[in-house]
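Read the figures in this text as sums done on the coordinates, not as results from a lab. A quick note: this is a predicted structure, and the numbers were derived from the prediction, not measured. Here the Cβ positions follow ideal geometry from the backbone for every residue, glycine too, while neighbour counts run over all protein chains shown.
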Amino acid sequence: MTEFHEPVEVLSKATRNYIRAINSLKEEFEAVDWYQQRIDGATDEQLQQILAHNRDEEMEHACMSLEWLRRNMPGWDHALRTYLFTEGNILELEESETSGHGAGSHASKEASSGDLGIGKL
């Protein structure tokens, strides 16, 4: 397989599976890009709808591969929990995370103060 950058015999079974998932994820992202461009270029409304449906299917496939990586490759779970489904400036989240004031330290501060972080009832 040409996607290996090191001799395959030195790669663990887990690493080979990570590579498969990452390559599949890249291919799904690329397919989303292709479909989006074709939607913009198509002049027929029904064709645009079909292409949009196909694009959305590729998004589902990408999410499935990403979820597999989250469950199986160390580091993904933490990174995804830090950045996905958040509000505000993404770079500020990164700065907060690397300075030790990330979501984990915020939760610890709330727990030590007795605040459950759910607001006033």
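Assorted remarks:
- Within the range 1-66, chymotrypsin sites (Phe, Trp or Tyr not before Pro) in DSSP loop having at most 14 other beta-carbon neighbours inside 10 Å: Phe4
- Derived value for the range 29-88: Kirkwood hydrodynamic radius 13.2 Å. Basis is the mean of 1/r over every pair of different alpha-carbon atoms.
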